[in-house]
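Below is one structure, written out as structure tokens; comments come after it.
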Amino acid sequence: MISINKITLEIDGREIIAGFSQEIPSGAITAIVGPNGSGKSTLLAAISGLIAPTSGAIIIDGVQPALTSPSKLAKIRATATQSQFYSLGFTVRQVIEMAGPADGVMKELELTNIADRLVTTLSGGESQRVATAQAVAQNTPILLLDEPLAAQDIESRERIIQLLTKLADSGKTVVVVVHENEKDLTWASKIITL
């Protein structure tokens, strides 16, 4: 379980989230929703340990992510950010294999047909699927995904949701930021609205 205890998050001196508490259950999908600028991505970054709360604490498996070494965090959680920018000419397969075995997740997200393409040539939706695949391949107990459904067609969207559901059913904790126009959230076990 991820415990968020009365956290305040500030960026550049501006308060984004104040006095926020929440429990995120294990072995389930939790969706974080809200309008643009509500702090969804900032909250996800704090859970992942990329930014530290100004006050309060986030506890994952007894540790505070912002105070934990990157090597230990890499064993606890995997993340995929919303905007991917690839500047090096690796292939899709190579990028996913940097995190773990690639074949299974590439098949699940229908990336096999672009496995040998350079990531610098991908569309926004393809890049997002590769980032999701890389996070899944890392095989951590917690998966933190920032808008994995963005720029996806209906089939890709369904494929991602099926994979996330399968992972949650296997005991993984999945936290997903979704855009406020996402109406059908029946696949999420819990919804946090900011």
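Summary table
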quantity	calculated
Rounded FRET efficiency, nearest 0.05, which uses the C-beta distance separating SER3 from ARG117 and R0 of 41 Å	0.50
Sequence-separation-based contact order of the range 1-83, relative, with Cα cut under 8 Å and 6+ spacing, percent	32
Alpha-carbon Rg/Rh ratio, for the range 1-134, with Rh computed the Kirkwood way	1.01
FRET efficiency, 1/(1 + (r/R0)^6) with R0 25 Å, evaluated for LEU50 and GLU15 via beta carbons	0.90
Too-long pairs where the Cα-Cα distance tops 22 Å, listed order kept, from LYS166/LYS190; LYS75/LYS166; LYS107/LYS190	LYS107/LYS190
Extension gain (nm, one decimal) between GLU97 and SER26, 0.36 nm per residue minus Cα-Cα	22.9 nm
Relative contact order of the chain, defined on C-alpha pairs under 8 angstrom at six or more residues apart (%)	31
Residue-count net charge about PRO25 - beta-carbon cut-off 12 Å; Lys, Arg +1, Asp, Glu -1	+1
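Rule-based calculations on the coordinates, nothing more; no lab input. If you're wondering where the values come from, they're calculated on a predicted model, not measured in any experiment. Counting neighbours? That spans all protein chains shown, and the Cβs are built from the backbone with ideal geometry, glycine included.
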